[in-house]
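*Asks:* Here it is, the structure, as structure tokens.
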There are 4 protein chains.
Amino acid sequence: MSENAATAAIKELVAEREWGQFHLEENLAKSISIEAGELLQCFQWGSAFDRDRVRDELADVLTYCLLLADKLALDPETIVLQKLSVTREKYPVDKARGRSTKYDAL
Amino acid sequence: MSENAATAAIKELVAEREWGQFHLEENLAKSISIEAGELLQCFQWGSAFDRDRVRDELADVLTYCLLLADKLALDPETIVLQKLSVTREKYPVDKARGRSTKYDAL
Amino acid sequence: MSENAATAAIKELVAEREWGQFHLEENLAKSISIEAGELLQCFQWGSAFDRDRVRDELADVLTYCLLLADKLALDPETIVLQKLSVTREKYPVDKARGRSTKYDAL
Amino acid sequence: MSENAATAAIKELVAEREWGQFHLEENLAKSISIEAGELLQCFQWGSAFDRDRVRDELADVLTYCLLLADKLALDPETIVLQKLSVTREKYPVDKARGRSTKYDAL
């Protein structure tokens with residue numbers, strides 16, 4: 001995901017509208033939470049869902065994630081891979097297999 | 001972001017631990033909200049933040065986003081680009097420039 | 001809930017610790033979202049839950065709600081009752097009975 | 001807040017509409033997160049806010065909190081007071097005064 005087409009397109013849209021002034025890290029973190037809430041609303045009363053609506057809300061969450069990553073000069077793909085190696089250690093295969101238990105209770 | 005290294009690595013980690021059984025779309029949407037809350041916690045009392053902590057929490061949000069996209073057979077980069085074209089129409093440059101106003105109040 | 005025992009006790013705890021300086025309305029709104037995420041975590045992988053954990057997380061959400069209400073000089077019980085009358089109008093009994101549909105789709 | 005006017009009014013509104021069937025604990029927890037996101041949206045781009053909008057969104061969060069408490073046969077005021085005594089111990093006045101540091105870093 002390094003300086004990919006999505007991030008480049010988001011940055012162009014933002015620059016054209018001079019919205020960069022609103023994109024403090026804190027505001028982007030709030031925006032991710034707000035959009036995550038809208039995504040969750042697709043599942044408010046059960047597990048059935050409207051795929052198009054989920055797609056649009058997921059896109060909004062991702063958009064703000066890419067903006068925050070860019071603001072912090074982080075490559076999204078790299079930080080996901082880095083965090084995965086932490087998860088691998090916290091959740092050894094033999095202990096975590098088939099269980100949703102949190103690492104500190106494994 | 002199409003079947004990128006990050007998604008492939010996440011899927012391998014999940015498969016090794018047989019965690020796919022927990023990854024209903026609804027549960028992934030909840031997980032995105034939960035991790036977004038942890039990201040927001042980095043900014044709970046103000047705009048100052050610990051960059052390493054933000055990086056880790058952002059990686060967690062992204063990880064669940066990639067899992068949900070994969071579960072729905074959606075390409076993350078494509079859906080972001082599609083949603084941007086909606087945003088471009090809702091927020092014409094001449095009306096939205098320099099303003100954080102929501103489209104229905106522009 | 002008007003200036004009830006809970007709000008009074010919260011305010012005393014906050015005053016003793018000189019925490020009022022952190023309790024900008026915005027920070028309290030963030031705190032409500034953060035604690036709501038922790039409550040949601042009790043249900044991350046399904047509908048089964050640990051009642052004691054839910055009780056504690058719900059108490060945290062309520063505590064920040066009472067702090068925000070107090071900060072805005074709002075009486076929690078009154079604003080709930082006021083909002084209910086809006087809901088009654090948006091969701092007439094004959095249209096909304098037995099349906100979880102949002103008002104704009106009824 | 002024990003079986004107060006607000007809870008009684010919410011329960012009547014819910015019963016009239018036969019909405020109790022949707023109010024699984026898990027769904028109420030999701031609803032609290034969703035409404036917390038809408039409250040946070042009042043502060044998305046900064047600390048300035050529209051008091052009426054905040055009041056309405058806070059009322060929605062509180063309404064779902066009261067519903068969840070009622071569902072679990074918990075008294076809202078009592079659980080807030082119980083949790084406060086835990087907070088008092090985690091954050092002794094002499095260590096926590098004037099600091100927003102989390103208890104495990106005090």
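*Asks:* Among the residues of the stretch C:74-87, write down those that are in a loop (DSSP other than H, G, I, E, B) and open to solvent by 30 Å² or more (accessible area, probe 1.4 Å).
*Replies:* Within the stretch C:74-87, C:Asp75 is the sole residue that qualifies.
*Asks:* Of the residues A:Ala48, A:Ala15, A:Ala36, A:Ala9, only one is at pLDDT 95 or above, within 14 Å of the chain's Cα centre (by Cα) and among the small types (Gly, Ala, Ser); which? Working first, answer last.
*Replies:* Numbers: A:Ala48 fails: within 14 Å of the chain's Cα centre (by Cα); A:Ala15 fails: within 14 Å of the chain's Cα centre (by Cα); A:Ala9 fails: within 14 Å of the chain's Cα centre (by Cα).
Exactly one of A:Ala48, A:Ala15, A:Ala36, A:Ala9 is at pLDDT 95 or above, within 14 Å of the chain's Cα centre (by Cα) and among the small types (Gly, Ala, Ser), namely A:Ala36.
*Asks:* Any chance the stretch D:45-65 includes a residue that's touching a helix residue (DSSP H, G or I) at 6+ places or on another chain (Cβ under 9 Å), surrounded by fewer than 18 Cβ atoms within 10 Å (Cβ to Cβ), more than 14 Å from chain A (Cβ to nearest Cβ) and more than 18 Å from C:Val86 (Cα to Cα)?
*Replies:* No.
*Asks:* Residues in the stretch B:44-53 that are closer than 16 Å to C:Gly37 by Cβ and either of a type in the set (Val, Ile, Thr) or not in a helix (DSSP H, G or I) (or both): how many? First the steps, then the outcome.
*Replies:* Filtering the stretch B:44-53 down to residues closer than 16 Å to C:Gly37 by Cβ leaves B:44, B:53.
Now drop any that are not either of a type in the set (Val, Ile, Thr) or not in a helix (DSSP H, G or I) (or both), which leaves B:44.
Qualifying residue count for the region: 1.
*Asks:* Still on this structure, I have one more. So A:Lys71 fits all but one of (1) without any contact (Cβ under 8 Å) to a residue 12 or more places away in the chain; (2) closer than 30 Å to B:Gly98 by Cβ; (3) open to solvent by 60 Å² or more (accessible area, probe 1.4 Å); (4) more than 7 Å from every other protein chain (Cβ to nearest Cβ); what number is the exception?
*Replies:* Unmet for A:Lys71, out of (1) without any contact (Cβ under 8 Å) to a residue 12 or more places away in the chain; (2) closer than 30 Å to B:Gly98 by Cβ; (3) open to solvent by 60 Å² or more (accessible area, probe 1.4 Å); (4) more than 7 Å from every other protein chain (Cβ to nearest Cβ): (1).
*Asks:* I'm trying to understand the selection: among the residues of the stretch A:24-43, which are open to solvent by 20 Å² or more (accessible area, probe 1.4 Å) and either among the aromatic types (Phe, Trp, Tyr) or part of a loop (DSSP other than H, G, I, E, B) (or both)?
*Replies:* Scanning the stretch A:24-43 gives a single hit, A:Leu24.
*Asks:* Do we have B:Ala36 as within 14 Å of chain C (Cβ to nearest Cβ) and in contact with a Leu (Cβ under 6 Å, 6 or more places away or on another chain) here? Talk me through it step by step, then tell me what you get.
*Replies:* Working: within 14 Å of chain C (Cβ to nearest Cβ): yes; in contact with a Leu (Cβ under 6 Å, 6 or more places away or on another chain): no.
For B:Ala36, the condition - within 14 Å of chain C (Cβ to nearest Cβ) and in contact with a Leu (Cβ under 6 Å, 6 or more places away or on another chain) - is not met.
*Asks:* Residues being of a type in the set (D, E, K, R) and at the interface with another protein chain (Cβ under 9 Å from one of its Cβ atoms): count how many of those fall in the stretch B:74-94.
*Replies:* Of the residues in the stretch B:74-94, 3 are of a type in the set (D, E, K, R) and at the interface with another protein chain (Cβ under 9 Å from one of its Cβ atoms).
*Asks:* Now a separate question. Out of D:Arg51, D:Arg17, D:Arg88, I need the residue that is over 18 Å from C:Asp75 (Cα atoms) and touching a Leu at 6+ places or on another chain (Cβ under 7 Å). Which one?
*Replies:* D:Arg88
*Asks:* So, in the stretch D:95-106, exactly how many residues are more than 7 Å from every other protein chain (Cβ to nearest Cβ) and in a helix (DSSP H, G or I)?
*Replies:* Count: 4.
*Asks:* If we keep just the residues of the stretch B:56-69 that are under 16 Å from A:Val61 (Cα atoms) and not hydrophobic (A, V, I, L, M, F, W, C), which is farthest from the chain's Cα centre (by Cα)?
*Replies:* B:Glu57
*Asks:* Give the number of residues within the stretch D:88-106 that are of a type in the set (Asp, Glu) and either surrounded by 16 or more Cβ atoms within 10 Å (Cβ to Cβ) or modelled with pLDDT of 95 or more (or both). Talk me through it step by step, then tell me what you get.
*Replies:* Initially, the stretch D:88-106 is screened for residues of a type in the set (Asp, Glu), giving D:89, D:94, D:104.
Remaining after also requiring either surrounded by 16 or more Cβ atoms within 10 Å (Cβ to Cβ) or modelled with pLDDT of 95 or more (or both): D:89, D:94.
Going through the stretch D:88-106 one residue at a time, the tally reaches 2.
*Asks:* Just the residues that are surrounded by fewer than 21 Cβ atoms within 10 Å (Cβ to Cβ), within 7 Å of another protein chain (Cβ to nearest Cβ) and at negative phi, please, taken from the stretch D:1-18.
*Replies:* D:Asn4, D:Ala5, D:Ala9, D:Leu13, D:Glu16
The values are calculated or read from the model by the stated rules, or taken from the named source; none is laboratory data. Everything numeric here is computed off the predicted structure, so don't read it as measured data. No Cβ is skipped: glycine too gets one built from the backbone with ideal geometry, and neighbour counts run over all protein chains shown. These accessible areas exclude ligands, DNA and RNA; they are computed on the full protein's heavy atoms, side chains included. Shrake-Rupley method; radii C 1.70, N 1.55, O 1.52, S 1.80 Å.
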